[in-house]
């Protein structure tokens, strides 16, 4: 479980394919603190650390074919900057919202507006083929960043980004056409499913 408060950005330094699996080697300054089998969110996608090189400050995670299909990991290249967050500590403050690291689908950035000190990012997603719900002032995870929704329409939403978030996450790399991972609020998904089941019994 995660909070959507990104710790650092890691950089992809190597990509290897083995059968249907992809092994990503990344570098981050706290790599020497990581352990095998540790869960970490990468652009909001929960992946398991399978190898650590403490001296080189690198680690390896593996993504299977299903993950590659449903997320933006297929767009990663050597040099790609990735938002990373280690799993939630139960003895700390809960500063974001509940993020499971289970990406629902990808979205595409359609517009970026400079709001004279902050930025407004607009995204479009497929509202037909996956459980999805967005509401103004509701929560959403974009590339693992816990954010509050500003505008919300079917298949579209926007978020506002302050300078700190813009600088310390990979949002500064976003432009129209950028594909991102999104995870809808887990409570909203449960409410949506319960309503669907209830309404189906009323027909």
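The values are calculated or read from the model by the stated rules, or taken from the named source; none is laboratory data. Treat the numbers as computed from the prediction; the structure is a model and nothing was measured. Because the Cβ atoms are built from the backbone with ideal geometry, glycine has one as well, and the counts that use them run over all protein chains shown.
Looking for something surrounded by 14 or more Cβ atoms within 10 Å (Cβ to Cβ) and in a strand (DSSP E or B) - is there at least one such residue anywhere in region 124-133?
Taking every residue of region 124-133 in turn, at least one turns out to be surrounded by 14 or more Cβ atoms within 10 Å (Cβ to Cβ) and in a strand (DSSP E or B).
Please indicate, with yes or no, whether at least one residue in region 29-41 is under 25 Å from residue 126 (Cα atoms) and either in contact with a strand residue (DSSP E or B) (Cβ under 7 Å, 6 or more places away or on another chain) or assigned by TED's automatic domain parsing to the domain that holds residue 153 (or both).
Checked against the condition, which is being under 25 Å from residue 126 (Cα atoms) and either in contact with a strand residue (DSSP E or B) (Cβ under 7 Å, 6 or more places away or on another chain) or assigned by TED's automatic domain parsing to the domain that holds residue 153 (or both), region 29-41 yields at least one hit.
When only residues in region 83-108 that are in contact with a helix residue (DSSP H, G or I) (Cβ under 7 Å, 6 or more places away or on another chain) and either surrounded by 21 or more Cβ atoms within 10 Å (Cβ to Cβ) or modelled with pLDDT of 95 or more (or both) count, which is nearest to residue 33 (Cα to Cα)?
If we take residues in region 83-108 being in contact with a helix residue (DSSP H, G or I) (Cβ under 7 Å, 6 or more places away or on another chain) and either surrounded by 21 or more Cβ atoms within 10 Å (Cβ to Cβ) or modelled with pLDDT of 95 or more (or both), then 83 is nearest to residue 33 (Cα to Cα).
Restricting to region 152-180, give me the number of residues that are touching a helix residue (DSSP H, G or I) at 6+ places or on another chain (Cβ under 8 Å) and in contact (Cβ under 8 Å) with a residue 12 or more places away in the chain.
Qualifying residue count for the region: 5.
Looking at (1) surrounded by 12 or more Cβ atoms within 10 Å (Cβ to Cβ); (2) more than 20 Å from residue 71 (Cα to Cα); (3) assigned by TED's automatic domain parsing to the domain that holds residue 147, which is the only condition residue 192 fails?
(3)
Given (1) over 18 Å from the mean Cα position of the chain (by Cα); (2) in contact (Cβ under 8 Å) with a residue 60 or more places away in the chain; (3) surrounded by fewer than 13 Cβ atoms within 10 Å (Cβ to Cβ), identify the lone condition not met by residue 15.
The single condition residue 15 does not satisfy is (3).
Could you list, in sequence order, all residues of region 51-66 that are touching a helix residue (DSSP H, G or I) at 6+ places or on another chain (Cβ under 7 Å) and within 12 Å of residue 16 (Cβ to Cβ)?
Passing the criteria: only 63.
Just for strands (runs of 3 or more DSSP E) wholly inside region 1-76: which have at least 1 residues that are under 15 Å from residue 88 (Cα atoms)?
Because the criterion is at least 1 residues that are under 15 Å from residue 88 (Cα atoms), the strands (runs of 3 or more DSSP E) in region 1-76 that meet it are 8-18, 39-42, 45-53.
Out of everything in region 71-82 that is surrounded by fewer than 18 Cβ atoms within 10 Å (Cβ to Cβ) and out of contact with any helix residue (DSSP H, G or I) (no Cβ under 7 Å at 6 or more places or on another chain), what residue ends up being nearest to residue 136 (Cα to Cα)?
75
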